Amino acid sequence: MVGLEKPPLPKQVYIPLSQHTGKACIPEVRPGESVVTGQRIAGIQAAIWAPVHASLSGKVTAVQDWPHPVLGRAKAIVIESNGEDRVAEDKRKREPEEVNKLTSEEIRNLVFSAGIVGMGGASFPTHIKLNPPKPVDTLIINGAECEPYLMSDYRLMVEKTGEIIKGIELITKCLGVKRVIVAIEENKPEAIKNFNYELRITCLAGRQANYELRILKSQYPQGGEKQLIKNLLKKEVPRGKLPFDVGVVVHNVATCFAIYEAVYLNKPLYERIVTVTGSCVLNSKVLLVRIGTPIKELIAFCGLKEEPAKIILGGPMMGIAQFTDEVPVIKSTTGIILFNQKEARIYEEGSCIRCGACIRECPVGLMPCLINLATERGLWQKAKDYGALDCIECGLCSFACPAKRRLVQSIRRAKLELGK
Ligand code: SF4
Ligand code: SF4
């Protein structure tokens, strides 16, 4: 397995104002202003949001429309590097004794100020998940990373085990839970070994909660919150409800690491780990990347064997195909996958033959063929009644369909029309 690498600092970053679930931020800097690495550059007054920070020191050159990996196009703050990577002077590290004295509210405020969102792809602001509206008794740490090709969480779990556990302890304090389950798939032996060792030390140190390491069978999809809860606790999260409704909160390992960095190192979320791989890539790598870096620079750093026919951001099943390599890395970018012509072939869509394969495959128990039918007719309420909003976009229905129906795309469309 390849080690974590740092590519050269980009000369210019394009930092989108929308990188979280909720309202897009408003710029707090103007073209011509100087910024330092980690400085807050955008925010908004809203119920659900997270601030955005500069990922380089240098000068703001523009606030403009730019390709966005999820939204197509969106406003971004452009920063030209001065090559110094100067960090704000008030970013003092905290000693463990100081961290131990922090209250739950102080931890939540630090997590909010650092702009942390769910880094497994969900992008929901983390400080809100640290304060659920109902009591919870179990915290699940998601180290499943079940999508093929992706290695970002695996590498992080191997290289930063102790730091992730410190992040977990901070979450445990905020939630007041007594049970913590760290879930890792069996195809990540180095991570399992490290966690086994470190969690034993944590338990010996007499921590408040009980820690369990659960090894999951490698299977797709099980990285979704509801699937994990079902697999680990045999609990169903009812349709339209959230994990806290069954007394559980789930956080991704990368989010735990970001919480550690925010609280111990006083470091906002301005870089993340990204896997760059696929049949067209010369040297697949796992990279520590500044937010806002155009993906073409990372692709150039890894090298190409052949021109890619398709670029996907995220995993091959749940990721989103991109129309340009100018698109930047954002807080939720887990991977960049480059497929060749053969792999990217688009099949002609046939008529539904009512075989039921999509229904059998759906891990959430939906009837994708019926949602598809409703979407094609613009019957959005019907699509909602069939459970379109509960779809986790795992792609298994499309994969199983012998008629090559574009089921996930049509469900995504329904979700957009329904405002989710
Ligand atoms: S993508 Fe298809 S299989 Fe996956 S949850 Fe949605 S409807 Fe079910
Ligand atoms: S798998 Fe395809 S062909 Fe079969 S029922 Fe579903 S949509 Fe129709």
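Figures for the structure shown
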{"quantity": "Long pairs among K296/K382; K6/K59; K129/K166; K230/K384, criterion Cα-Cα beyond 29 Å", "calculated": "K296/K382"}
{"quantity": "Charge dipole (debye, nearest 20) of the chain; +1 at Cβ of Lys and Arg, -1 at Cβ of Asp and Glu", "calculated": "960 debye"}
{"quantity": "Length released on extending from E417 to E236, taking residue separation times 0.36 nm less the Cα-Cα span", "calculated": "62.5 nm"}
{"quantity": "Residues V237, V274, sorted so that the one with the fewest Cβ neighbours within 10 Å comes first", "calculated": "V237, V274"}
{"quantity": "S104 versus R345: modelled label distance in nm, points set 7 Å from Cα along the beta carbon direction", "calculated": "5.6 nm"}
{"quantity": "Binned Cα-Cα distance frequencies in the chain - 20 Å width, integer %", "calculated": "26, 59, 15, 0"}
{"quantity": "Percent of beta bridges antiparallel (DSSP, the chain, rounded to nearest 5)", "calculated": "60 percent"}
{"quantity": "Sum of side-chain charges, L9 neighbourhood, beta-carbon under 9 Å (Lys, Arg +1; Asp, Glu -1)", "calculated": "+2"}
{"quantity": "Potential extension, K305-Q45 segment - 0.36 nm per residue separation minus Cα distance", "calculated": "88.9 nm"}
{"quantity": "Value of [θ]222 nm, deg cm²/dmol, for the chain, DSSP H segments ≥ 4, -39500 (n - 2.57) each, nearest 500", "calculated": "-8000 deg cm²/dmol"}
{"quantity": "Label-point separation, K93 to L379 (7 Å along Cα→Cβ), nm", "calculated": "6.2 nm"}
{"quantity": "Nitroxide proxy distance, nm - points 7 Å out along Cα→Cβ at Y197 and L389", "calculated": "4.7 nm"}
{"quantity": "Cα lying deepest toward the dipole's positive end in the chain, options L287, L4, I336, charges on Cβ", "calculated": "I336"}
{"quantity": "The stretch 96-264: antiparallel DSSP beta bridges as a percent of all, rounded to 5", "calculated": "5 percent"}
{"quantity": "Whole-number percent relative contact order across the chain, with pairs defined as alpha carbons under 8 Å at least 6 apart", "calculated": "17 percent"}
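Since every read-out is calculated from the coordinates, none of them should be taken as a lab result. Treat the numbers as computed from the prediction; the structure is a model and nothing was measured. Every residue, glycine among them, receives a Cβ derived from its backbone with ideal geometry; neighbour counts consider all protein chains shown.
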